[in-house]
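Just below is one structure, and these are the notes that go with it.
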Amino acid sequence: MLAFRAYSWFLGRRLGLTLLTLWGLASLVFLMIKLMPGDEAQMAAGADASAAQIEAVRERLGLDAPVIMQYLSFLGRLLRGDLGTSIVTLQPVLADLEKVLPSTLELVFIAMLLNLAVAIPAGIVAAYRQGGVFDTTSRITAVMLGGMPAFWLALVLQYVLGSVWRVVPISGQQGYGMNSPVVTGAPTLDALIAGNFAGFFDTLHHIILPAAVLAALFATQIFRTLRAALLGVLRSDFIMAVRAKGATARHMLVRHALPNSLNPVLTLSGAQAGAMIGSAVLVETVFARQGIGAYMFNAVAQKDAFAVLGSVMFIGTVVCLVNLIVDILQLLVDPRIRAAQLGSQGQ
Amino acid sequence: MTAIAQPATSRRKEGFSAFEIFVFSLVIALLAIAVCGPFLAPDSIYNSDIANSLMPPSAANWFGTDDQGRDVFWRLIVGAQTTLLSAFLVVTLYSLIGVTLATVAAAGPRWLDEGLMRITDIGLALPGMIVALGFAAAMGASLRSAIIAMAITGWPITARMLRGIMRQTMEQPFVAGAQVLGVSKWRLMTKHVLPNSLDVLIVKWAGDIGTTVLVLASLSFIGVGAQPPSAEWGATIAAARGYVSTAWWTVVAPGAAVAITSIAFGLLGDIIQVRRDPSLRGN
């Protein structure tokens, strides 16, 4: 009973923070709209709209009303899912973005798997052999990767692996004629659902490099965090006790040291999931993938102001929701986070 | 009189390692290039010379030439000023915002502190680069817009950290002493608490420059920052993007410049941090 109350306390607080953040985001986007130079109705209607069309848009958006009323009606439109209309695709921005969101989520998911699959073993080995050759080289690599611009790494690897060595496709999400019927919108998943295994491997082949670039940037943080946490744990008394009883190094690391060091890594990877969605804008466009990042990039290039700001609202919202889900998952998975979160506000 | 808190542990004087000297010289070299670069560069880099476009690296053009036939090496040297000056401006501006908000939160009544910290929470929860992108796009894509956008989105971490430290400083005996002497709240905060809390910002500063250089290049690459023909590095990469397969040097060189600058300032930040807190050594 007490636990249930503590849970709902935490959930309520966390949901409250999410709602507050979304409201803050919406207010920022409204501020951006007001900062735009020129006539807002003209911007929303497009460069070659007639005077009558512009007036119709002005009427529909209520732009003659006082700013506070405009703000309220803006919030009202957002609540109804109206992010504005793209002057390029002539579609509601939300409809455009919903179509390409699964592709981004898939990219981020695979990037996260690669990130953890590389950074965690590397962190364990580096911490266990602190100061050794592997430790030194991987620390140098982490520092170098951490300073590289994502889009540049993408361009260089695309050139080397895609056009010089030709081991991966240069761009796109799938090869010509490999399309599976769209069910989820995520290419690999759609290929699996259609039972199209050739298509599945083809889409994986297309996603591997963009996902690896995205993963490389975030893996450096996971590597550093896990290594530092492990170094702390490896110095503690209970590890000496585990060693004294004659446990193998492998048993000591995997069964004792690692579980006690994963906490900061879990927290960090949760925050990274959201940040990766934001960084997708830098990677997707280089590889001509069809995700929310690439949509936003094109909107900037085509000066489609409402599509850009709609994307800001949409990506911000997705990031907030992903963070919320990750926090709740962590609460369910890790007893120590549970204790820390619930213990601090149980009273 | 300004009270200065004594460091908790006395620090051992020690020399610099070869690695530290390397990082210092790298940062000093970058700063020197940023200051002097535009005066040294030949005038020819501002004009296009189509006959010499996309030439590979040679003795005459160390890093080759770009699609306009301009020397890539000298454009990087000139771009260093734009890039570093912008990064300094961004970090200074958001630090000022952060310091102001932290001081108001730490000194103000409970409700103001709560309110400001919830706003900081919102800022921390949002993807900073995406929001900065939105602001820059809304104000009209330009380097100025990108700098303003990054300044108004970059402050939350500074504000959060500094407010925590100021609260700790306010618990120290010398603050109570100053209060007993009847020092005004404003003077207490600006002359006693703030100076004794600021070194966290100094430690953070170098690393912040490194990160800011990266984000600025990213915004320019997306197209909401510096516009061609600016020699800013991100804009240079964006302009050269289409030539990567025919003239790789036009893309590789400016990206390497961003990476070296970002890494150098990041390492400088790490060094300062370890020097201040030797227990971090080896981590």
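The values are calculated or read from the model by the stated rules, or taken from the named source; none is laboratory data. Here the structure is a predicted model, which means the values were calculated and not measured. Note that we place each Cβ from the backbone using ideal geometry, even for glycine, and neighbour counts take in every protein chain shown. Ligands, DNA and RNA are stripped out before the accessible areas are found, and what is left, the full protein with its side chains, is counted by its heavy atoms. Shrake-Rupley method; radii C 1.70, N 1.55, O 1.52, S 1.80 Å.
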* For region B:184-205 versus region B:27-74, the gap between their alpha-carbon centres in whole angstrom -> 43
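Could you order A:ASP237, B:ASP49, B:ASP113, A:ASP48 so the one with the most accessible surface comes first? Probe is 1.4 Å. Could you put the intermediate results ahead of the total?
On the way: A:ASP237 120, B:ASP49 65, B:ASP113 10, A:ASP48 145 Å².
Result of the area sort, largest leading: A:ASP48, A:ASP237, B:ASP49, B:ASP113.
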* Which of the lysines could a cross-linker span from A:LYS303 if the Cα-Cα distance has to be under 18 Å and same-chain partners fewer than 8 positions apart are dropped? -> A:LYS34
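Does chain A come out rounded, prolate or oblate by the C-alpha gyration tensor, with a ≥ b ≥ c the root eigenvalues, rounded set by a/c under 1.5 and, if not, prolate when a/b is larger than b/c and oblate if not?
Details: a/c = 2.39, a/b = 1.49, b/c = 1.61.
It comes out oblate by the Cα gyration axes.
For the protein assembly as shown, what does the alpha-carbon gyration tensor say about shape, rounded, prolate or oblate, given a ≥ b ≥ c as the root eigenvalues, a/c under 1.5 as rounded, and a/b over b/c as prolate? Numbers along the way, then the final one.
Numbers: a/c = 1.22, a/b = 1.16, b/c = 1.06.
Rounded is the answer for the protein assembly as shown, as its axis ratio a/c remains below 1.5.
With a ≥ b ≥ c the root eigenvalues of the C-alpha gyration tensor of chain B, is it rounded (a/c under 1.5), prolate (a/b larger than b/c) or oblate? Walk me through the numbers on the way to the answer.
Details: a/c = 2.96, a/b = 1.84, b/c = 1.61.
Because a/c hits 1.5 or more and a/b exceeds b/c, chain B counts as prolate.
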* State the percentage of accessible surface on chain B attributable to carbon and sulfur atoms; use a 1.4 Å probe and exclude ligands, DNA and RNA. => 66
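Set the Förster radius R0 to 22 Å, insert the Cβ-Cβ distance between A:THR89 and A:MET69 as r into 1/(1 + (r/R0)^6), and round the FRET efficiency to 0.05. Mind showing how you got there, number by number?
Values: r = 29 Å, r/R0 = 1.32.
With R0 = 22 Å, the Cβ-Cβ based efficiency is 0.15.
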* Sequence neighbours fewer than 8 away in the same chain don't count; with that in mind, list the aspartates and glutamates whose C-alpha is under 20 Å from B:LYS185. => B:ASP113, B:GLU114, B:GLU171
* Neighbourhood charge, 13 Å Cβ-Cβ cut-off, centred on A:PHE200 and excluding it, Lys, Arg +1 and Asp, Glu -1 -> -3
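Give me the net charge of A:THR141's neighbourhood, meaning all other residues with Cβ under 14 Å from the Cβ of A:THR141; Lys, Arg count +1, Asp, Glu -1.
On the way: positive: A:ARG139, A:ARG224, A:ARG227; negative: A:ASP135.
Local charge sum for A:THR141: +2.
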* May I ask for the distance between the Cα centers of region A:160-208 and region A:270-319, given as a whole number of Å? => 21
* With every protein chain kept in the model, how would you rank A:HIS251, A:HIS256 by accessible area, 1.4 Å probe, largest at the top? -> A:HIS251, A:HIS256
* How far is helix B:18-40 tilted, in degrees, relative to the longest principal axis of the Cα atoms in chain B, given as a value from 0 to 90 rounded to the nearest 10? -> 60
* Rg(Cα)/(2.2 N^0.38 Å) for region A:37-82, N = residue count -> 1.17
* Check the straight Cα-Cα distances from A:LYS99 and name the aspartates and glutamates below 14 Å, setting aside those fewer than 8 residues away within the same chain. => A:ASP190
* To do: Enter the accessible area per residue of chain B (Å², integer; probe 1.4 Å; all protein chains in place).
  => 47
* Asked: Counting only the heavy atoms of the protein chains, how much of A:ILE325 is accessible to a 1.4 Å probe, in Å² to the nearest 10?
  -> 100
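If DNA, RNA and ligands are ignored and the probe is 1.4 Å, what is the ranking of B:CYS36, A:CYS320 by accessible area, most exposed first?
On the way: B:CYS36 60, A:CYS320 10 Å².
Reading off the accessible areas and sorting them downward yields B:CYS36, A:CYS320.
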* At a probe size of 1.4 Å, how large is the accessible area of A:PHE197, to the nearest 10 Å²? -> 120
* Relative to the first principal axis of the alpha-carbon coordinates of chain A, what is the inclination of helix A:2-35, with its axis defined by its Cα atoms, in degrees from 0 to 90 and to the nearest 10? -> 40
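How big is the B-A contact in terms of buried accessible area, both chains counted, 1.4 Å probe, rounded to the nearest 100 Å²?
Working: alone 15180 and 18520 Å², together 30240 Å².
For B against A, buried area totals roughly 3500 Å².
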* Exposure of B:TYR46 as accessible area (Å², to 10), given a probe of 1.4 Å and all protein chains -> 130
* To do: Mind pulling the angle between the C-alpha long axis of helix A:262-284 and the longest principal axis of chain A? Nearest 10 degrees, somewhere in 0 to 90.
  => 40
* Neighbourhood charge, 14 Å Cβ-Cβ cut-off, centred on B:THR246 and excluding it, Lys, Arg +1 and Asp, Glu -1 -> -1
